[in-house]
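Since the structure comes first, as structure tokens, the remarks are kept for the end.
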Amino acid sequence: MPWWLNEMDPVEAFETLLRGETPDRVINCPMCIGHAAKLLGYKSLGEVYEFPKVWMKAMLVTRDMYRAYPPPLALTGAGSMWMGAWGSKFMYPYHPKMGSLALIDPAVKTPEDVDKLQVPDPVPHMGGIDEALDTAIRQKMHPLAPVLGGWLSMAGYSITEPEKILFWIRKRPDLVHRLLDASTEYAIRELEHLTKKFDTEKWIPWDANPTDSNTLLDAETFAKFPLPRVIKMHQKGLDMGIPLWFTHWCSNHNLNIKAGYIEKVPQGNPGILSFGPEVPMEVQVEKYGNYILLGNLDPPQLMTRTNDEVKEMSRKNIEVGLRGKRGYMLACGCELPPPVPPANVYAMTSACREYGEYQK
Amino acid sequence: MSKEELFKKMSDAILSGDRDETTRLARESLKMGLDAYETLSAGCVKAMGIMSNRYDKGETFAPDILVASDAMYGAIEVLKPHIKVDPAKIPGTIVIGVIEGDVHDIGKNIVKILFDLGGFRVIDLGRNVPMATFIESARENKPDILAASALITTTMVGLEELVEKTKEAGIRDKLKIMVGGAPLSAEYAEKIGADAYAPNAPQALKVAEGLIRAQKGGG
């Protein structure tokens, strides 16, 4: 019998994990966004970032071509939702070389701009994400909704610039506290809107935090600035009936891990965590085996290695990931680079099929 | 105040990110008749060297580097018009920029600061730099090193294209190419044909100095 008639659909397998049950195998969750635009033949990533219909098609193609849970991260319209709403100017990635949204002119450039800043109503800016979630839920794709408030990665890339916010951390911490509070308040309003509009069992809020990582920040600063806001935002979401959060601890968070800050953020039950390639699967399983984990292939290696090598790297990851108590998905340690050869993504799926059977 | 005391105070002010104090001390040094280049070397460069080593060891982080460099530039603004540059003392020229499509430039800016302090002549092309601009600048400025960065996996492929463009332009063998940025590795740098890779800003300065030494036959 062909394999595709004998195994769970990847989304079905993902939902099995969410219920705390064991799916038939480890699933491939490649963190596929820009790569999906390339699968559709687009020269740039702009259409996938701007138009829900294109984004949905890209996610369905990813699911079906790779038998993968992409995951369907509803980034469409995020430029308006994250940047435009605050008065920042942005650009969708229509240039063939662009890899994501770009902040062109931030709303906040001076301390006086912070004084004038008011938290906008997110709802008029959420048309893109609403449509994407609605379509994905109807397609039974279990989408993720980006909700980034509280992180420096949000305030520092949407309201002001990263260099500015990092400078102010030492020179004008009062301004940073106000910016983070404003972005947290905004995110909570986003959550209120989303929880009223969509069944909370059908989608998952997702956040990520590259600027908050220990590549740029010490653990003490992390604990003082983003951490309390993120705890608040996650808890508010859970209080609104959201069962769990999916957090991508982007880049190097090893100092925050050592300080015990990751587990201070409420993730729900079981909560989904992914880390950058700087955090080996062994560490993840040992410390966070009670969460659903995913990872942790090195993104550049996915571009440069052969498909046999990728399959072997995947096998090693799966071997460790399967030791987690709440389930594991094979994934790239950050967004899957668009130029990764499709055969290498397929090698991940193939490794899941060959080595990813859970012990009964 | 002796000049040693002034240099020490300058260094302390940079390390604590006190721009008002570094500006005041720079003016004071000129009033004392001190050589501006000596003040820059003994006060500013030394302090940023300490900061750079701390950063390399994971003892200090990006916000500290940013406030220290702001304080340092306060002093440089005062001292620069009084510095007489001896071309023989400049170790080399570096053209630096963030690859096309990528607007993440914190890392590049920190590397640029350290190159400045290392005495290099630095031409900073900024972020989201078109390939043609890199090539044009390389032709015009004849740098010893072309340094380019990418912070996201989606733009890092542009670095390979940059290496190819230098070949097409006939300038590949006239300069060294070094690359950096969070998703990169030495393996990737080698694969795309770059000459060198640096995992962080302090290492970038060391790598650049090494490339120059090798170019000049110093090993």
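List of remarks:
- Between A and B, roughly 2600 Å² of accessible area is buried in total, ligands, DNA and RNA not counted and the probe set to 1.4 Å.
- In this structure, A:D24 and B:E161 have a Cβ-Cβ separation that, at R0 = 60 Å, corresponds to a calculated FRET efficiency of about 0.90.
- The Stokes-Einstein estimate for the stretch A:146-189, based on a Kirkwood radius over Cα pairs and taken at 10 °C with 1.306 mPa s viscosity, is a diffusion coefficient of 158 µm²/s.
- Using θ = phi - 60° and Karplus 6.51 cos²θ - 1.76 cosθ + 1.60, couplings along the stretch B:59-66 (whole Hz; Gly, Pro as x): 9, 9, 9, 3, x, 5, 5, 5
- Relative to the longest principal axis of the Cα atoms of chain A, the long axis of helix A:307-321 lies at roughly 80 degrees.
- Within straight-line cross-link reach of A:K140, lysines at Cα separation under 20 Å, skipping those fewer than 8 residues along the same chain: A:K53, A:K57, A:K196, A:K197, A:K202
- Over 23 Å between alpha carbons, listed pairs A:K164/B:K3; B:K176/B:K216; A:K97/B:K191; A:K164/B:K108; B:K9/B:K89: A:K164/B:K3; B:K9/B:K89
- Fraction in percent of alpha-carbon pairs per bin - 5 Å, the stretch B:3-82: 3, 19, 31, 24, 13, 7, 3, 0
- Cα-Cα pairs of the stretch B:48-111 separated by more than 15 Å (percent): 67 percent
- Note on the stretch B:93-215: Kirkwood hydrodynamic radius from all Cα pairs is 13.7 Å, rounded to one decimal.
- At R0 = 30 Å, FRET efficiency that the Cβ-Cβ distance of B:E38 and B:R213 yields, to 0.05: 0.80
- Chain B: calculated mean residue ellipticity at 222 nm from DSSP helix runs of at least 4, using -39500 (n - 2.57): -16500 deg cm²/dmol
- Annotation: amide H of A:L297 within the under-5 Å range of A:A331, A:C332, A:G333, sequence separation 5 or more or interchain, hydrogens built in the peptide plane.
- Sites A:K325 and A:R138, calculated FRET efficiency, Cβ-Cβ separation with R0 30 Å, nearest 0.05: 0.35
- Positive-end extreme of charge dipole, the stretch B:93-215 - chosen from B:T93, B:T154, B:A201 (charges on Cβ): B:T93
- Separation of the A:L40 and B:N141 label points, Cα + 7 Å toward Cβ, nm: 3.9 nm
- Computed from Cα atoms, the angle from the helix A:226-239 axis to the main principal axis of chain A rounds to 70 degrees.
- Derived scalar couplings ³J(HN,Hα) [the stretch A:144-160; Karplus, 6.51 cos²θ - 1.76 cosθ + 1.60; whole Hz; x for Gly, Pro]: 10, 10, x, 9, 10, x, x, 7, 4, 4, 8, 4, x, 10, 10, 9, 9
- Across all C-alpha atoms in the stretch A:304-360, the radius of gyration and Dmax reach 11.5, 37 Å.
- Straight-distance candidates among the aspartates and glutamates for linking to B:K174, with alpha-carbon spacing under 16 Å and chain neighbours fewer than 8 residues away dropped: B:E136, B:E140, B:D144, B:E164, B:D195.
- Rounded to whole Hz, the Karplus (6.51, -1.76, 1.60) HN-Hα couplings of the stretch A:171-176, x for glycine and proline: 9, 9, x, 4, 5, 5
- Cα centroid separation, the stretch B:104-123 to the stretch A:261-301: 34 Å.
- Global geometry of the stretch A:80-146, whether rounded, prolate or oblate, following the gyration tensor of its Cα atoms and the 1.5 cut on a/c: oblate
- Shape box of chain A [Cα atoms, principal axes, largest first, Å]: 67, 42, 40
- Here is how the number arises for chain A: DSSP H runs of 4 or more residues each give -39500 (n - 2.57), the sum is divided by the residue count, and the result at 222 nm is -13000 deg cm²/dmol.
- Values of log10 I(q)/I(0), in the order q = 0.09, 0.11, 0.15, 0.16 Å⁻¹, for the stretch A:73-269 under a Debye, Cα-only, solvent-free model: -0.31, -0.47, -0.91, -1.03
- Against chain B, whose longest principal axis comes from its Cα atoms, helix B:46-56 is set at around 50 degrees.
- Electrostatic tally near B:G43: other residues with Cβ closer than 12 Å to its Cβ, Lys and Arg +1, Asp and Glu -1, net -3.
- For the protein assembly as shown, the Cβ-based charge dipole about the Cα centre amounts to some 500 debye (Lys, Arg positive; Asp, Glu negative; other atoms uncharged).
The values are calculated or read from the model by the stated rules, or taken from the named source; none is laboratory data. Note that the structure is a prediction, hence the values are computed from the model and not measured. All Cβ positions, glycine included, derive from the backbone under ideal geometry; neighbour counts span all protein chains shown. All accessible areas refer to the heavy atoms of the entire protein, side chains included, with ligands and DNA or RNA removed. Shrake-Rupley method; radii C 1.70, N 1.55, O 1.52, S 1.80 Å.
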